[in-house]
Structure formats: C-alpha cells, structure tokens
1. For ALA190, work out the one condition from (1) in contact (Cβ under 8 Å) with a residue 40 or more places away in the chain; (2) under 14 Å from the mean Cα position of the chain (by Cα) it doesn't fulfil.
2. Filter the range 202-233 down to the residues that are in contact with a Phe, Trp or Tyr (Cβ under 9 Å, 6 or more places away or on another chain) and over 19 Å from ALA305 (Cβ atoms) and list them by number.
3. If a residue has to be closer than 25 Å to SER277 by Cβ and in contact with a His (Cβ under 8 Å, 6 or more places away or on another chain) to count, how many in the range 158-168 make the cut?
4. Give me a count of the residues in the range 292-314 that are within 13 Å of ligand 2 (Cβ to nearest atom) and assigned to a helix (DSSP H, G or I).
5. Looking at the range 282-291 only, could you name the residues that are under 15 Å from the mean Cα position of the chain (by Cα) and either more than 8 Å from ligand 1 (Cβ to nearest atom) or not in a helix (DSSP H, G or I) (or both)?
6. Could you give me the residue pairs with C-beta distances under 7 Å whose first residue belongs to the range 139-165 and is among the polar types (S, T, N, Q), whose second residue is modelled with pLDDT of 95 or more wherever it lies, and which are 6+ apart or on separate chains?
7. Report yes if some residue within the range 186-196 is at pLDDT 95 or above, within 24 Å of MET31 (Cα to Cα), more than 16 Å from ligand 2 (Cβ to nearest atom) and among the β-branched types (Val, Ile, Thr); otherwise report no.
8. Identify, by number, the condition in (1) closer than 22 Å to LEU323 by Cβ; (2) in a loop (DSSP other than H, G, I, E, B) that ARG205 doesn't meet.
Amino acid sequence: MSSRRWLLLVLALLLITPAQAEWHREEVAMMGTRIRVELWHADPAVARQGIAAVLEEMRRIDASMSPYKPDSELSRINAEAGHGPVAINRELLALIQRSLDFSELSQGAFDITFASIGHMYDYRQRQRPDADSVRQALPAIDYRHVVLDHERGTIRFAREGVRIDLGGIAKGYAVERGAEILRRLGIEHAEVNAGGDSRILGDHRGRPWMVGVRDPRDENKIIVQLPLIDEAISTSGDYERYFDQDGIRHHHIINPGTGNAVSGVHSVSVIGPDGTSTDALSTSVFVLGVEKGLQLIDSLPEYEAIVIDNQGKLHFSSGLMQLRG
Ligand code: AMP
Ligand code: MG
C-alpha cells in the first residue's frame with residue numbers, strides 16, 4: 001500500500017472512532033441485581049458525569065430502602081413502626097404513599113406488607129415458612145395497617161408483626177430517577193436498567209431502542225422484541241428469585257391473600273411513561289393473573305402489558321392487540 005493510501009486509511013479511522021466513542025455503557029452489581037446505564041453524548045466528559053450521577057443515585061436509594069441493610073431507613077421503620085410513629089424523609093413517605101395508591105388501584109394485589117411473611121423466605125437457602133407460620137402471620141398482611149401522617153412526616157403500623165418491603169416498586173423508581181438526572185444533564189438518548197426494570201430516554205439515534213422480553217423458562221431465548229422510544233418497561237418473573245420443591249415453584253412474588261407464591265403466570269411485562277408505575281403494575285398484574293390483570297391495564301390508557309401464563313401462552317393488553325392487527 002502506498003503511503004498516501006495509509007494516510008487516507010488513518011484519516012478515515014480517526015473520523016469513524018469518535019462517533020463510536022459517543023455511546024457509553026457501564027454495568028455494576030447493586031440492589032441484588034445488575035444496574036446498567038447506556039447513553040449517547042457527543043462529549044465523553046458529560047457522558048461519564050451522567051453515568052457516575054446515576055450510579056450515585058442508585059446507591060443513595062439502596063442505602064435508604066434496602067431491607068437487607070440493617071441501618072437503612074426501611075429497616076428502621078420495620079423495627080420501630082409497630083410501636084408508634086417513626087419520622088421518615090419526604091421521599092420515602094411519598095414512595096410508600098404511591099405504593100398504597102397502587103394497593104387501592106389493584107384491590108390489594110400490590111401490597112408492600114407482603115413482607116410480613118416475605119421476610120421468612122431465604123431463596124438461596126431454599127427456606128420458606130411452614131404452613132403454621134404463614135397462617136399466624138397472614139393477618140399482618142394488609143396495606144391498611146400502614147398509617148402515614150403527611151403533616152408530621154411519620155409512619156406507623158396499626159398492628160404488631162407488620163413489615164414492609166419496597167422490592168416491587170423501588171427499582172422502577174430508581175431507574176426513573178436515574179433517567180431524570182440524565183435528562184437534566186442534557187442527555188437525550190439513554191437506557192437505565194435495573195434487572196427487570198428499564199427506563200428508556202429518547203430513541204437510539206434515529207431508530208427505536210429494542211427491548212426483549214425473555215422466555216421465562218429459557219434465559220437465552222427472547223420471545224418478543226419491543227421497539228421503544230421514551231418509555232419505561234418492567235418485567236416481573238417467577239424465575240428471578242426462587243427454588244423448586246415437590247413440583248412447586250416458591251418464588252418472590254407473594255399473593256397477599258394467601259401468603260404463598262403466585263402460581264397463575266410466569267411473567268408480566270408492563271410498558272408505559274413512568275418507571276415507578278410500570279414496576280408496581282407489573283407486580284400487580286402478576287398477582288392478579290391474566291384476566292383481572294389485563295383488565296386493570298386496559299383501564300389505564302397509557303399502559304400496555306404482555307403476560308406469559310403458566311402454559312407459556314402469550315396474552316396482550318388491548319392496545320398491543322390493535323398494534324398486532
Ligand atoms: P418485581 O420484580 O417488580 O415484580 O418485584 C418483585 C418483588 O416485589 C419481590 O422480590 C418482593 O420484594 C416484592 N413483592 C412480592 N410480592 C409483592 C406484592 N404482592 N406486592 C408488592 N410487592 C411484592
Ligand atoms: Mg414490579
């Protein structure tokens with residue numbers, strides 16, 4: 001090759017490389033899952049600043065809301081709110097209020113007091129409460145036991161034995177907050193993902209982001225690819241945290257009426273404009289099952305859902321049915 005050709009080649013490479021470098025991506029383990037931030041920005045310094053800010057926000061939320069950290073604000077509530085009002089910060093108060101609103105909306109399917117029994121599970125150790133313990137603790141599951149005082153900024157539990165856990169809503173809240181931080185930095189194309197919860201900002205530079213819904217029984221198989229622009233998507237699945245015993249899958253989504261794992265469906269994906277809502281709704285629809293769950297989604301104009309039942313059959317909300325034609 002002549003030296004002139006070499007020069008042209010080097011110049012071409014120089015022109016191509018910066019464009020590729022404008023996509024940035026980072027993945028870290030946190031909140032019992034993997035947090036992934038992917039974004040586009042012409043200035044790598046802004047991109048790095050954005051990723052760092054999102055991860056910092058996730059750490060902050062985890063430190064306050066984790067049920068596994070003994071010094072989290074959530075753990076303090078669980079230790080003390082059964083004895084009387086506990087002062088909590090406005091952010092936590094607001095997210096607990098939103099959780100209670102989703103309990104009303106889902107007629108009790110979404111219920112953060114599921115943890116009154118949920119805390120007795122240890123999926124890694126294949127441990128679950130026996131029937132007697134479930135029966136005894138069941139009356140403690142009822143979102144109406146959670147009493148918020150917005151003026152004083154306090155929470156209390158109306159009865160003993162109540163515990164709360166924000167696992168069904170906090171990751172959606174975190175990705176929504178993450179996306180908001182990026183937006184404020186002027187970043188227009190991004191995905192913030194926390195396990196089953198994703199918030200998409202803008203498009204993928206001229207085309208939609210493609211988000212896959214996996215086969216609930218084969219993690220390498222994608223069942224549906226969804227083109228998304230400026231949307232949140234949350235998936236609840238019985239494959240996230242579980243153990244199988246005597247043909248029964250004991251997994252992490254609890255029916256508040258029985259205190260046992262829900263059995264009707266394998267996964268639920270909900271798409272809509274707000275990540276906190278898609279997260280709470282995916283858990284709600286999982287508990288409600290195909291028929292009642294899709295009825296709930298069809299009553300919310302901006303939200304759509306895909307349910308995979310326990311036979312592997314797909315069910316779509318009516319808005320998606322129309323798209324499929
Ligand atoms: P997701 O993957 O969003 O469906 O969240 C599942 C998590 O929600 C579980 O790991 C629990 O922390 C929590 N959870 C389980 N059952 C319920 C329920 N009935 N209502 C609200 N949260 C729940
Ligand atoms: Mg959820």
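1. Here ALA190 clears every test but (2).
2. Correct list: GLY202, ASP203, HIS204, ARG205, ARG217, GLU219.
3. The total comes to 4.
4. The number of residues fulfilling the criteria is 1.
5. Answer for the range 282-291, where residues must be under 15 Å from the mean Cα position of the chain (by Cα) and either more than 8 Å from ligand 1 (Cβ to nearest atom) or not in a helix (DSSP H, G or I) (or both): just VAL285.
6. That search, which allows pairs on different chains as well, returns THR154/PRO85; THR154/VAL86; THR154/ALA87; THR154/ILE88.
7. no
8. Failed condition: (1).
The values are calculated or read from the model by the stated rules, or taken from the named source; none is laboratory data. All values derive from a computational prediction rather than experimental measurement. FYI the Cβ positions are ideal-geometry reconstructions off the backbone, even for glycines, and counts take in every protein chain you see.
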